[in-house]
1. Would you tally the residues in segment B:234-253 being within 13 Å of residue A:4 (Cβ to Cβ) and facing chain A (nearest Cβ under 7 Å)?
2. Determine the pairs where a residue that is within 15 Å of residue A:233 (Cβ to Cβ), located within segment A:256-283, has a partner that is among the aliphatic types (A, V, I, L, M) and in a loop (DSSP other than H, G, I, E, B) with Cβ atoms under 9 Å apart, the partner being 6 or more residues away or on another chain.
3. Would you check which residues across segment B:71-103 are part of a helix (DSSP H, G or I) and either free of Cβ contacts under 8 Å to residues at least 40 places away in the same chain or of a type in the set (Asp, Glu) (or both) and list them?
4. Return the total of residues in segment A:223-252 being surrounded by 15 or more Cβ atoms within 10 Å (Cβ to Cβ), in a helix (DSSP H, G or I) and either of a type in the set (Ser, Thr, Tyr) or in contact (Cβ under 8 Å) with a residue 60 or more places away in the chain (or both).
5. Determine, yes or no, whether residue B:224 is out of contact with any Pro (no Cβ under 9 Å at 6 or more places or on another chain), at pLDDT below 90, more than 10 Å from chain A (Cβ to nearest Cβ) and surrounded by fewer than 18 Cβ atoms within 10 Å (Cβ to Cβ).
6. Check A:107, A:119, A:64 and return the single one that is in a loop (DSSP other than H, G, I, E, B), in contact (Cβ under 8 Å) with a residue 24 or more places away in the chain and either buried (at least 20 other Cβ atoms within 10 Å of the Cβ) or within 14 Å of another protein chain (Cβ to nearest Cβ) (or both).
7. Could you say whether any residue in segment B:178-189 is more than 9 Å from chain A (Cβ to nearest Cβ), assigned to a loop (DSSP other than H, G, I, E, B) and not hydrophobic (A, V, I, L, M, F, W, C)?
8. For residue B:196, are the conditions met, namely being within 25 Å of residue B:67 (Cα to Cα) and out of contact with any strand residue (DSSP E or B) (no Cβ under 7 Å at 6 or more places or on another chain)?
Amino acid sequence: MTRQGKVTAICAVLFVALFAGSILSRQRVEAASGSQASLDEVLYLPSGKTIKKLSLGYSSLLADIYWTRAVQYFGAQHIGGTQHYELLAPLLEITTDLDPNLIVAYDTGSIFLSQQQPDGAGQPDKAAALVEKGIHANPSNWRLYFTLGFIHYTDRHDPKAAQEAFQKGSEVPGALPWMKAMAARMAERADDPATAASLWQTIYDTTKDSGLKNTAEKHLLSLRVESELNELERRANAYYDRHNAYPEEWSDLIREGLLRGVPVDPNGAPYKLRLDGTVQVQNPQDFPYLERHGAPAK
Amino acid sequence: MTSRVSAITWNTFREAVRDRVLYNLVLFVLLLVGSAPLFSEISIGLEKLMLVNVGLSSISLFGVIIAIFIGIGLVSKEIEKKTLYTILSRPVRRWEFIVGKYLGLLLTLAVNATLMAVGFYAALLIFVHGLTAADASLLVAIYFIILQFMMMIAITLLFSTFSTPLFSAIFAFALFVIGTFGNDLKNFAAMSKGPNKLLITAASYVLPNFASLNVISQAAHNQRVGGQMILLNTGYALCYSIAVTVAAILIFERRNLK
């Protein structure tokens, strides 16, 4: 082997060994410091407007970085189970200060904020304020009015405000026709599961965020179960009217022609019939948004 | 071998010291450190915090600038002036030349950092009226800054072996900026799926990570950096710097200088 060949061989071996060493030591550093260590420093400059001035014109790029940090922060709190979302609202505020046209930050960020814990930060008022800020900066985006109406209806339980949001959104050029229908339905009474299902279905069909899609799917399943439980209880009451006693088993209802078979939930588990005529699900944890029938509190 | 490497190291150091730009930069840092208390005049309770933040940030940033602007010329300038041929015609091997250049610039930056650190501590002594035991933790931040320099010199030297000074400066500075977002890159990888995850994870290990070496904020707030962290970061910076220097040697060994 020539001298140059020897040097090359030694260098190649050294390079591989040292590079592997650098990866190992870096992994140890990350493990020791925690992957989200940098997030504590995110709010070192608490004002998005200040950061914008310091960004030397690259505020849009910085907004992308802050939005990514907000998503990471939300994901880490959500998956990690700590569920402390104190930094979420300020992170979204900074992101939208840096880039007032970053629609996804209003649209998806507000859903992160408004959802009740453990699926969100449980701050619907801040979420509504964030979307209103988005509407102010992007008045021609009808989709933001939908998000605002959705938050008012599902998390702030204010159908009047929701109706106003849908109504204003339906007047924006290019708004889809169902915005008007939404406004009309909001005018009806609150706690309308059909409307809630319609809203969640729209979210499910239009969102690009897989986490939000998953949440919408859970809501839709819970609403379907809620509706089925109500119907089963109605039939148990019909049995009571005939026999002056509640059915003890599903077979009692089947014999009376009130049911065709043992009813099961969307996961295939049979519903539980109680002696007082009420009905429950077997596994409440499968339907986290079910507010009654023995389901866990949200 | 050792004498040849040390001769190149010493010459590189002397050449850098003769460069007046270097003095200007060091003077600028010392002025900046000295003026930090003026900034704090317009605020409340920030005297020491401002001094530490401005001081350590200046040492780090200007050190990196020195590393880039001297580093890019380490090889290309020798080729341009044709002095490299004189050196290599003597019994000096190419890898000895690269190692000597690396150590020479590292020595230059270590001396600069020490000078700036002395100025920084002097400013602390004068403006904050004394030093406390907790101020010793600032030395850890300065030590980490020197580890950053080690990595930056290796990166600049690597580009210097195959690229022009202008492109070397651009590449090195770009890597410095990317490296400061090292933790974010790793977090992006964790959030990605499929081939993207693999690609970003690989990139996050190939690219330098300066984020974990930046403890200025902790130092300013008197937060202790653990011994394990010092050890692990030292290991990381050493492995990465030597690996990149070895890559520079590999390229330089195969480069046709005719």
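The values are calculated or read from the model by the stated rules, or taken from the named source; none is laboratory data. Being a predicted model, the structure only gives us computed values, none of them experimental. Virtual Cβ from ideal backbone geometry, glycine too; neighbours counted across all protein chains shown.
1. Of the residues in segment B:234-253, 3 are within 13 Å of residue A:4 (Cβ to Cβ) and facing chain A (nearest Cβ under 7 Å).
2. What qualifies is A:265/A:281; A:271/A:262; A:271/A:281; A:272/A:281; A:280/A:295; A:281/A:269; A:281/A:290; A:281/A:295.
3. Filtering segment B:71-103 down to residues part of a helix (DSSP H, G or I) leaves B:71, B:73-80, B:83-89, B:94-103.
Those that are part of a helix (DSSP H, G or I) and either free of Cβ contacts under 8 Å to residues at least 40 places away in the same chain or of a type in the set (Asp, Glu) (or both): B:78, B:80, B:83, B:86, B:89, B:96.
4. Matching residues across segment A:223-252 total 5.
5. Here the answer is yes, as residue B:224 does meet what is asked.
6. Numbers: A:107 fails: in a loop (DSSP other than H, G, I, E, B); A:64 fails: in a loop (DSSP other than H, G, I, E, B).
A:119 is the lone residue from the list that is in a loop (DSSP other than H, G, I, E, B), in contact (Cβ under 8 Å) with a residue 24 or more places away in the chain and either buried (at least 20 other Cβ atoms within 10 Å of the Cβ) or within 14 Å of another protein chain (Cβ to nearest Cβ) (or both).
7. In the first step, residues of segment B:178-189 are kept if they are more than 9 Å from chain A (Cβ to nearest Cβ); the result is B:178-180, B:185, B:189.
If we keep only those that are assigned to a loop (DSSP other than H, G, I, E, B) too, we end up with none.
Looking through segment B:178-189, none of the residues is more than 9 Å from chain A (Cβ to nearest Cβ), assigned to a loop (DSSP other than H, G, I, E, B) and not hydrophobic (A, V, I, L, M, F, W, C).
8. Values: within 25 Å of residue B:67 (Cα to Cα): no; out of contact with any strand residue (DSSP E or B) (no Cβ under 7 Å at 6 or more places or on another chain): yes.
In short, no.
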